Amino acid sequence: MKSEENRMNRIASILGIKYPFIQGAMSWLTDAKFVAAVSNAGSLGILGPNAGAHTVTTSADETAERMRDQIKQTQALTDKPFAVTLIVAGGETSIFTKKILDVVIEEHVPAVLLNSLGGVSSATYGVDPATMKTLKAHGIKTIVRSLQPSIEDAQAVEAQGADIYVATGFDEGGTMPGGEIGSFAIMPMIADAIAIPVALAGGIADARTVNAAFALGAEGVYVGSRLIPTTENPAAENVKQLIVDSTAEDLTLFRTLPDYYRSLPTKLVDQLAENDRTLPAVEAKKANAKLMGGTSGMRIGMLDGDLEHGYVSVGTGISMVHSIQSVQAVVDELMADYRG
Ligand SMILES: Cc1cc2nc3c(=O)[nH]c(=O)nc-3n(C[C@H](O)[C@H](O)[C@H](O)COP(=O)(O)O)c2cc1C
């Protein structure tokens, strides 16, 4: 018979949370109020890039101080664990990441989400070793979500001592993996390749999809789009309602850098889709990345609610969203069948 400890879900136990439910890091679409609500609901909230911000800054110091402010506000709203995103993609860790890492350590944040490139090429497997070493030395829990999950990347991440790996399927919202492997296929492939616990990202939006993730070998779920139409999320109200009123059939997939995005209809998306139809792939990617302005188009579309000049990036799980609810109601609904 298994001991009580063996029966405990590893992700919940590593992170010190009630449910093995991790909120996806989302650029512009997180802030202290939202993240604290997720953590107070028994899950792990994550402050994403540009958390709590409405304007772009190119200063690394300002970026780090903005994050410190959000961390302090989150700590004032919850005594539960939460995490901060560190972007470690692209070789040497940037000065932005280094400064945020200092703040994470100074403010005693218990966990981080490390964003890396993953299986794009053998040169990009794993995460920046220096950052991982520093995090481990400070006892900070590490969740690694690679832009493109792969067997080799997952094994490299495990060998580096990461605590949790997130397998992301093509069903997700945000920057999509160029590997084009759906959530149903990526999950067992990664779970069979490594021994550390794996959470599934991409299309998790109701209790059925949570149960399916566990049946496929996941020990946790990683949820983005489903948490946008919630009362606590900073997204614009018209965007929350648009998500509620839409299904996966309303999404347009188009090429951009590094590979793909999908969006609900906006005027900008008409242009992006037109480029995708008419230009060679490489040209379409470049032209669309320029039109999208990095994640600025996400801020304009999703935070400001400007459906002319921005885009609304969500995953195919939106068909299962039928109303704007509190974060607590969403977490309780998704985890209804979870029994520890
Ligand atoms: C609007 C939006 C913005 C996102 N921004 C980021 C980001 O900045 N960094 C990141 O690692 N993932 C980002 N993601 C991906 C999520 O963290 C997560 O992997 C994804 O939402 C999971 O799929 P789902 O949307 O089907 O739940 C974003 C997703 C969305 C919907």
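Set side by side, the residues 172, 180 differ, and just one is under 15 Å from residue 26 (Cβ atoms) and assigned to a loop (DSSP other than H, G, I, E, B), which is 172. Cβ separations smaller than 6 Å between residues 6+ apart or across chains give the following pairs from the stretch 306-326 residues that are modelled with pLDDT of 95 or more to residues that are assigned to a loop (DSSP other than H, G, I, E, B) and more than 10 Å from the ligand (Cβ to nearest atom): 307/266; 311/266; 318/246; 319/247; 320/206; 321/229; 324/229; 326/231. Of all residues in the stretch 187-244, those being open to solvent by less than 10 Å² (accessible area, probe 1.4 Å), assigned to a helix (DSSP H, G or I) and within 19 Å of residue 44 (Cα to Cα) number 4. Considering the stretch 8-21, and only residues there that are open to solvent by 10 Å² or more (accessible area, probe 1.4 Å) and of a type in the set (Gly, Ala, Ser), the residue that is farthest from residue 302 (Cα to Cα) turns out to be 13. Does residue 157 satisfy the condition of being surrounded by 19 or more Cβ atoms within 10 Å (Cβ to Cβ), touching a strand residue (DSSP E or B) at 6+ places or on another chain (Cβ under 6 Å) and not in a helix (DSSP H, G or I)? No; evaluated as a whole, the condition is false for this residue. What do you reckon, is residue 24 buried (at least 24 other Cβ atoms within 10 Å of the Cβ), without any contact (Cβ under 8 Å) to a residue 60 or more places away in the chain, within 16 Å of the ligand (Cβ to nearest atom) and closer than 20 Å to residue 333 by Cβ? Taking the combined requirement at face value, the residue does not satisfy it. Here residue 58 fulfils each of the conditions (1) within 14 Å of the ligand (Cβ to nearest atom); (2) assigned to a loop (DSSP other than H, G, I, E, B) apart from (1). Whether a residue is within 16 Å of the ligand (Cβ to nearest atom), within 27 Å of residue 38 (Cβ to Cβ) and more than 21 Å from the chain's Cα centre (by Cα) was assessed, and residue 337 does not pass this test.
Evaluation of residue 13 against the conditions (1) at pLDDT 95 or above; (2) more than 16 Å from the ligand (Cβ to nearest atom); (3) part of a loop (DSSP other than H, G, I, E, B) shows that the sole unmet condition is (3).
Note on the stretch 205-247: residues that are more than 16 Å from the chain's Cα centre (by Cα), in the same structural domain as residue 41 (by TED's automatic domain parsing) and closer than 28 Å to residue 284 by Cα total 0. Checking each residue in the stretch 186-204 for being away from the ligand (no atom under 12 Å from the Cβ), touching a Phe, Trp or Tyr at 6+ places or on another chain (Cβ under 9 Å) and not β-branched (Val, Ile, Thr) picks out only 197. Number of residues in the stretch 29-52 that are within 15 Å of the ligand (Cβ to nearest atom) and open to solvent by 10 Å² or more (accessible area, probe 1.4 Å) equals 4.
Note on the stretch 314-337: among residues that are among the β-branched types (Val, Ile, Thr) and in a helix (DSSP H, G or I), the one that is surrounded by the most Cβ atoms within 10 Å (Cβ to Cβ) is 330.
When you check residue 260 against the structure, is it within 14 Å of the ligand (Cβ to nearest atom), farther than 20 Å from residue 308 by Cβ and not assigned by TED's automatic domain parsing to the domain that holds residue 173, yes or no? Here the answer is yes, as residue 260 does meet what is asked. Among the criteria (1) touching a residue at least 12 places away in the same chain (Cβ under 8 Å); (2) open to solvent by 80 Å² or more (accessible area, probe 1.4 Å); (3) out of contact with any helix residue (DSSP H, G or I) (no Cβ under 9 Å at 6 or more places or on another chain), the one residue 80 does not fulfil is (3).
What's the total number of residues in the stretch 302-313 that are more than 15 Å from residue 252 (Cα to Cα) and either within 11 Å of the ligand (Cβ to nearest atom) or open to solvent by less than 40 Å² (accessible area, probe 1.4 Å) (or both)? Residues in the stretch 302-313 being more than 15 Å from residue 252 (Cα to Cα) and either within 11 Å of the ligand (Cβ to nearest atom) or open to solvent by less than 40 Å² (accessible area, probe 1.4 Å) (or both): 3 in total. Of all the listed residues (164, 151), the sole one being over 24 Å from residue 61 (Cα atoms) and within 16 Å of the ligand (Cβ to nearest atom) is 164. A search for C-beta distances below 9 Å between a residue of the stretch 169-198 that is among the polar types (S, T, N, Q) and any residue that is part of a strand (DSSP E or B), counting only pairs 6+ apart in sequence or on different chains, returns 175/147; 175/260; 175/261; 183/167; 183/168; 183/200; 183/201.
The values are calculated or read from the model by the stated rules, or taken from the named source; none is laboratory data. Predicted model, so just to flag it, every value in this text is computed and none were measured. A quick note on method: Cβ atoms are made from the backbone with ideal geometry, for glycine too, and the neighbour counts reach across all protein chains shown. Protein only, heavy atoms only, side chains kept; ligands, DNA and RNA dropped before computing areas. Shrake-Rupley method; radii C 1.70, N 1.55, O 1.52, S 1.80 Å.
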